[in-house]
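Down below is the structure, laid out as structure tokens.
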Amino acid sequence: MKKRIIILVCSALIVILLLGLLQALVVPKYTDNTEGLLIGEYYGETGENDVIMVGDCEVYESFVPAVLYEKYGITSYIRGSAQQLVWQSYYLLEETFRYETPKAVVFNVYALKYGEPQDEAYNRMTLDGMKWSGAKYDAIKASMTEGENMLDYAMPLLRFHSRITELNSDDFKYMFNDKKVSHSGYLMKKGVVPMREEAESGRALLDYTLPETAMEYLDKMRQLCEENDAELILVKAPTNTWGFWWYDEWDAQVSEYAENNGLAYYNFIKCRDEIGIDFATDTYDEGMHLNVYGAEKLTEYFGNILVSDHGLGDATHSQDVLDRWQANIDAYYKERNS
Amino acid sequence: MQQLLDILSGLHPEVDFETTEDLIDDGILDSLDIVSIVSSVYSEFDVTIPPEEIIPENFNSAVALMELITRLDEE
Amino acid sequence: MKIAKRISLILAALCLLVSLIACDTGKGTTANTSEDTENVGGVSYYVNYNGTKITLGGAADATVSALGTPQSKSELGNCGGLGSQVKYTYSSIYVYVLETDSGNTIDQIEFRDDLVSTPEGVSIGMSKSDVLAKCGEASAESATSLTYTSGKLNLSIGFDANGTVNKIAYIRDGV
Amino acid sequence: MSFTSYTFIAFLGVMLLAYFLTYGKRQWITLLVGSYIFYAFAGLDCLAFILITTLSSYLVSRLLGRAIGRERAFLEANKETLDKAQRKEYKARSKKKRFRILLCGLFFNFGILAVLKYSAFAVRNVNSIIGLFGGKGFDVPSLLLPLGISFYTFQTMGYLIDVYRGKVAPERNIAKLALFVSFFPQLVQGPISLYSELAPSLYEPHKFDLKKFSFGMQRVIWGYFKKLVIADRVLIAMNTMLDAPEQYGGAYVLLLIVLYSVQIYADFTGGIDITIGIAESMGIKLAENFDRPFSSRSTKEYWRRWHITMGRWFREYIFVPIATVKPMLKLNNFCKNRIGVKAASKVVAYTASIVTWFVTGIWHGAAWNFIVWGLLNCLIIMVSESLEPLYKKFHARFPKLAGNRFYGGFCATRTFLLMGLIRSLDCYRNVATTFRMWGSMLTFRGIGEILGGGILRLGLDLTDIVIILCGIAVMYAVSKISAKTDVRESLYERPVLSAILTCALLICVIMIGNYGIGYDASQFIYDQF
């Protein structure tokens, strides 16, 4: 009898171990669609970031922390991912405050257009990278689409098990260590595909009110920043194409919210010329996103604002952090100029 | 008893019903035979065999069947 | 006999209970499956443009080829698995097409200038009272717009501060 | 809550724990509570129906029990004074009375089932008749169909009939009866248990027994393997073909027939494995529902080995009573003198068969395809029975054939294909379409297309097909071995090997099972029949 119990316990342990290994094997490695790795990379660069940026592709394709540090001495990290919804940004921020105390938080407002969970795949790309915490649990709960299940997040094996029949060499190569893809959350795109024509408008909508849920989470984000003595700064990236249009009605609502709550709100669409953005050279996908050349221009312009209007850039940092940032700059230019 | 044996032999002349004891289990009697037996028992003995008594144990041998008939008649 | 009576009484009571529970739980049996496009609620959900009838929610391929070469055509990648959106620009209208595996559908039609009008005769530059006279009561009204709705199909008419029509769009709700 | 949902797995874990923790005289109450929680997941209005069935059956069974008690007491008390004829007369009279009570119970409960399940079907058919005369017809009602209603109604009515027949004593405790009606593992898809075989072990306390528990769990995992790895994967290809039947005629129909046989076997026996395994892990014994059905050599044998408990129900409570009811006996005797003994019993047995198979068909679903399916089964059995003398002559001529392995294989394959063919009626769900598709098989078109890669265009890739083939091989091997020995019992002597195999099976289920987003693991096919 004793022997049987020992066998039972051992086999249970072996099964758990094997499933753990298999899980490491089958979860997507995102070596092609690298956006899926952004959120997880933060944990290697926590601490003494002056600025944290949250939002969707309009943050991680628009601002370059390495340039911000090089030009203005501001340390920063971008916690953005593909179609990152407002509440996901909120919970990521909540998590970030457990690691450090930034002086300012920058939120790109485009995601305010979504008031409901959108897409399972994007959820996974944002949420799977987070370490387990109450914030992750809440973020998942707020983001699940119909048919999704908390257990699929707790054990990604259950979600991705069918990949076992389509494994490739990357799955083995990055089984335990993910590939590094970003520069402090900035995902570099060097291609140039010029915009063909300036859009006059986006698709007409039936209702131009920003969803209530989204605005509620914006407000929660504001309170969270207040509690943590960080200034919340709202921005809208300068890109504006018909498929991703920033409507005047939305702009008015955000402006009003910012004014009522004493927040700064910069809509960079309105100052493209001042920034010097040229959609013939500064975009990699016909104007939907900035490429690295556009992002550098925007970062310089925004850095100037952060220094002059928000008193950033004069923080003293430990030697470790200074070394880390020197390495960041080197890595950034190495990839940029390669 | 002879009456019963006549009924049975009428169905399967080749079988010695006095000695065989696994009529059902060996597949000698099929459902058609059972249906026939039940109706013959009704006409010859004036005994109705209720559905719950139609089980292999009661039909496996002529003796068992005779016992069933007697029991049903006596009760 | 007494027993049987009692049972039938009890069972009758239970029957009543069942009949109360077994009320209709399914959905209506005559669900409106086809997206009616003509004259529902007073408004039509199509546009005649240069002799081509463009029907909101209708099949796109034949319509697009009948419309001839657009001024420009611009495509937006597959978004959230819903299919990809294509925007066709013609001199007076925009036509948005949703392309999915099961076929291409006219998803939205917008007016760019006052050279086109709805089948009811509404065009950009009219006054709100003209619109109400031609189209009747709207399904929804806000300070800046009137919306006519039938199922998933909508006609949205926007106004500027003076109450003049500045926007006309046929919009299909999320698919 | 389907067996393949996370909710069910979690529920099962909690249930098992609670069951063993409450060991003692009231342990069965845990099961009752659990079963009602399980059932409540299907909807609270469903719960009302199962309660009504329980309540009415309890009342009727108690009344029947009282009537039987009175009868016995009366006979006992007047043993001396009554002569045989009087006794017979009294018994016949009181049996009639009892029968009326039983009928109340049966009519009421089958009435509920009939109204819920068949009224829409009936109205539709009436409408089409009215339509012939240009009438407008009635609105087709759409009523709620409580989970597993066909199963629990039949099981409970079996209990009532057994009480009426005096085979079992009525249950005095209504809560215990409620458990018999609603025992959660078998609620959705059977097996249909007899009260006499299930009740004792259901109410008895069961201590945790490592052997029984691990046997049960092994069987559960095996069931999930069959269902998730094989059945739900095969289903993908089947659905592709069924979405556009006209595109997949000819050889594809044969492919569909084979695939559906594999699918329903893996799905249904897998589901029953899960059911019996769960009960077994708690120490409760349920009746087996399958006995290697695909090795049957004839249709008759097949129906003794496939869905056994259902076949038993129809035989005991429909076929036998009909074949032995007095008018039938009289008919039989009347015919005997005119057309001979054999033919006379055929008249009776075939009449009873046709009724039984009609009911079996309609029990599976309220649609013509099921009725046609039932009657075709009946036809095949009757034809092969009529040809029996021919077979006998044939075998007398070639005495070696009966023992020949290849001949046996031929018979089994023939039965497999024949059963598969008529089973395809419930794939197409339409009699006319099915007949058309059967017709198209004669054209043999599509063989080249399937072999030339068509099989890979049904939604399965090569890996899937390999997995299915391996799965079938494993199922075949296990079935073959278990015909001779009890697989788990012989593995029990080799605990390490047993553990390795069980773990491997579990990992297979998790890794290559077809579940989760994108695959919506299908509900068990036998739901709501």
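Read-outs throughout are calculated quantities, based only on the coordinates presented, and are distinct from any laboratory measurement. As the structure is a prediction and not an experimental result, all values here were calculated from the model. Note that each Cβ is placed from the backbone with ideal geometry, even for glycine, and that neighbours are counted across all protein chains shown.
Residue-wise test of (1) in a helix (DSSP H, G or I); (2) within 21 Å of the chain's Cα centre (by Cα); (3) free of Cβ contacts under 8 Å to residues at least 24 places away in the same chain.
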residue	(1), (2), (3)
D:Phe208	no, no, no
D:Lys211	yes, no, no
D:Met217	yes, no, no
D:Ala237	yes, no, no
D:Tyr260	yes, yes, no
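Filter segment D:309-348 for residues that are at the interface with chain B (Cβ under 10 Å from one of its Cβ atoms) and polar (S, T, N, Q); which is farthest from D:Ile276 (Cα to Cα)?
D:Asn333
Specify which of the listed residues (C:Glu99, C:Glu141, C:Glu110) is within 14 Å of chain A (Cβ to nearest Cβ), in a strand (DSSP E or B) and more than 28 Å from C:Gly51 (Cβ to Cβ).
Exactly one of C:Glu99, C:Glu141, C:Glu110 is within 14 Å of chain A (Cβ to nearest Cβ), in a strand (DSSP E or B) and more than 28 Å from C:Gly51 (Cβ to Cβ), namely C:Glu141.
Inspect all residues belonging to segment D:177-191 and state whether any of them is without any contact (Cβ under 8 Å) to a residue 40 or more places away in the chain and more than 30 Å from D:Thr22 (Cα to Cα).
The initial filter retains those residues of segment D:177-191 that are without any contact (Cβ under 8 Å) to a residue 40 or more places away in the chain, namely D:180.
Narrowing the set further to residues that are more than 30 Å from D:Thr22 (Cα to Cα) leaves none.
No, that holds for no residue.
Would you mind stating whether A:Asp50 is more than 14 Å from chain D (Cβ to nearest Cβ), free of Cβ contacts under 8 Å to residues at least 12 places away in the same chain and of a type outside the set (A, V, I, L, M)? Even if it seems obvious, please write down each step before you answer.
Details: more than 14 Å from chain D (Cβ to nearest Cβ): yes; free of Cβ contacts under 8 Å to residues at least 12 places away in the same chain: no; of a type outside the set (A, V, I, L, M): yes.
No: the conditions fail for A:Asp50.
How many residues, within segment A:44-68, are surrounded by fewer than 24 Cβ atoms within 10 Å (Cβ to Cβ) and of a type in the set (Ser, Thr, Tyr)?
1
Give segment D:133-162 a look and list any residue that's away from chain C (no Cβ under 14 Å), of a type outside the set (Ser, Thr, Tyr) and at negative phi, or say none.
Passing the criteria: D:Phe133, D:Gly135, D:Phe151, D:Phe154, D:Gln155, D:Met157, D:Gly158, D:Ile161, D:Asp162.
Select from segment C:144-175 the residues that are outside any strand (DSSP E or B), at negative phi and within 17 Å of the chain's Cα centre (by Cα) and write down the one among them that is surrounded by the fewest Cβ atoms within 10 Å (Cβ to Cβ). Full working, then the answer.
Of all residues in segment C:144-175, those outside any strand (DSSP E or B) come to C:144, C:151-152, C:160-163, C:173-175.
Remaining after also requiring at negative phi: C:144, C:152, C:160-162, C:173-175.
Still in the list and also within 17 Å of the chain's Cα centre (by Cα): C:152, C:173-175.
Details: C:Lys152: 14, C:Asp173: 11, C:Gly174: 5, C:Val175: 11.
Only one residue fits best here, namely C:Gly174.
For segment D:294-316, does any single residue satisfy the condition of being in a loop (DSSP other than H, G, I, E, B), charged (D, E, K, R) and more than 27 Å from D:Leu418 (Cα to Cα)? Spell out the reasoning first.
Step one: filter segment D:294-316 for residues in a loop (DSSP other than H, G, I, E, B), giving D:296-298, D:306-307.
Those still in the list that are charged (D, E, K, R) too: D:297.
Going one step further and asking which of them are more than 27 Å from D:Leu418 (Cα to Cα), we end up with none.
There is no residue in segment D:294-316 that is in a loop (DSSP other than H, G, I, E, B), charged (D, E, K, R) and more than 27 Å from D:Leu418 (Cα to Cα).
Checking the condition over 28 Å from A:Val86 (Cβ atoms), more than 10 Å from every other protein chain (Cβ to nearest Cβ), out of contact with any Phe, Trp or Tyr (no Cβ under 8 Å at 6 or more places or on another chain) and surrounded by fewer than 22 Cβ atoms within 10 Å (Cβ to Cβ), which residue from A:Leu13, A:Leu19 passes?
On the way: A:Leu19 fails: more than 10 Å from every other protein chain (Cβ to nearest Cβ).
From the options A:Leu13, A:Leu19, the qualifying one is A:Leu13.
For residues that are surrounded by 17 or more Cβ atoms within 10 Å (Cβ to Cβ) and in a helix (DSSP H, G or I), tally how many sit in segment B:6-29. Steps first, answer last, please.
Applying the first criterion (surrounded by 17 or more Cβ atoms within 10 Å (Cβ to Cβ)) to segment B:6-29 yields B:7-8, B:11, B:17, B:23-24, B:28-29.
Narrowing the set further to residues that are in a helix (DSSP H, G or I) leaves B:7-8, B:11.
Counting residues in segment B:6-29 that are surrounded by 17 or more Cβ atoms within 10 Å (Cβ to Cβ) and in a helix (DSSP H, G or I) gives 3.
Which residues, taken from segment B:30-56, are in a helix (DSSP H, G or I) and more than 22 Å from D:Ala343 (Cβ to Cβ)? Spell out how you get there, then give the answer.
Taking segment B:30-56 first, the residues in a helix (DSSP H, G or I) are B:31-45, B:51-53, B:56.
Selection gives B:Phe45, B:Pro51, B:Glu52, B:Glu53, B:Pro56.
Would you say D:Ala432 is within 14 Å of another protein chain (Cβ to nearest Cβ) and either more than 17 Å from D:Met241 (Cα to Cα) or in a helix (DSSP H, G or I) (or both)? Steps first, answer last, please.
Values: within 14 Å of another protein chain (Cβ to nearest Cβ): no; either more than 17 Å from D:Met241 (Cα to Cα) or in a helix (DSSP H, G or I) (or both): yes.
No.
Exactly one condition in (1) more than 14 Å from every other protein chain (Cβ to nearest Cβ); (2) surrounded by fewer than 18 Cβ atoms within 10 Å (Cβ to Cβ) is not met by A:Glu197; state its number.
(1)
Only one residue in A:Asp278, A:Asp330, A:Asp314 is acidic (Asp, Glu), without any contact (Cβ under 8 Å) to a residue 40 or more places away in the chain, in a loop (DSSP other than H, G, I, E, B) and out of contact with any Asp or Glu (no Cβ under 7 Å at 6 or more places or on another chain). Which one?
A:Asp278
Kindly provide the set of residues from segment D:113-140 that are crowded, with 18+ Cβ neighbours inside 10 Å and of a type outside the set (A, V, I, L, M, F, W, C), ordered by number.
D:Lys117
When you look at D:Met419, is it under 19 Å from the mean Cα position of the chain (by Cα) and part of a helix (DSSP H, G or I), yes or no?
So D:Met419 passes the test.
Looking at A:Gln23, A:Gln84 in this structure, which one is within 11 Å of the chain's Cα centre (by Cα) and more than 22 Å from A:Ala327 (Cα to Cα)?
After applying the criteria, what remains is A:Gln84.
Could you say which residue among D:Val487, D:Val496, D:Val478 is aliphatic (A, V, I, L, M) and buried (at least 17 other Cβ atoms within 10 Å of the Cβ)? Talk me through it step by step, then tell me what you get.
Values: D:Val496 fails: buried (at least 17 other Cβ atoms within 10 Å of the Cβ); D:Val478 fails: buried (at least 17 other Cβ atoms within 10 Å of the Cβ).
Just a single option satisfies the conditions, and that option is D:Val487.
Which ones in segment D:209-237 are surrounded by fewer than 22 Cβ atoms within 10 Å (Cβ to Cβ) and more than 17 Å from D:Ile274 (Cβ to Cβ)?
Selection gives D:Asp209, D:Leu210, D:Lys211, D:Ile236.
List the number of the failed condition for A:Pro28; all other conditions in (1) within 14 Å of chain D (Cβ to nearest Cβ); (2) part of a helix (DSSP H, G or I) hold.
It is condition (2) that A:Pro28 fails.
Which of the residues that make up segment B:47-74 are free of Cβ contacts under 8 Å to residues at least 12 places away in the same chain, closer than 25 Å to D:Tyr350 by Cα and of a type in the set (Asp, Glu)?
B:Glu52, B:Glu57
Filter segment A:100-137 down to the residues that are surrounded by fewer than 18 Cβ atoms within 10 Å (Cβ to Cβ), more than 12 Å from chain C (Cβ to nearest Cβ) and more than 17 Å from A:Met221 (Cβ to Cβ) and list them by number.
Result: A:Lys131, A:Trp132, A:Ser133, A:Tyr137.
Can you say whether A:Tyr72 is touching a Phe, Trp or Tyr at 6+ places or on another chain (Cβ under 7 Å) and away from every other protein chain (no Cβ under 12 Å), as far as the supplied structure shows? Steps first, answer last, please.
Details: touching a Phe, Trp or Tyr at 6+ places or on another chain (Cβ under 7 Å): no; away from every other protein chain (no Cβ under 12 Å): yes.
No.
Residue under question is B:Glu57, and the condition is that it be out of contact with any strand residue (DSSP E or B) (no Cβ under 6 Å at 6 or more places or on another chain) and more than 9 Å from chain D (Cβ to nearest Cβ); does it hold? If you could, list the steps in order and put the result at the bottom.
Working: out of contact with any strand residue (DSSP E or B) (no Cβ under 6 Å at 6 or more places or on another chain): yes; more than 9 Å from chain D (Cβ to nearest Cβ): yes.
Here the answer is yes, as B:Glu57 does meet what is asked.
Within segment C:91-120, track down each residue that is crowded, with 17+ Cβ neighbours inside 10 Å and of a type in the set (A, V, I, L, M, F, W, C).
Result: C:Ile93, C:Val95, C:Val97, C:Leu98, C:Ile106, C:Ile109, C:Phe111, C:Val116.
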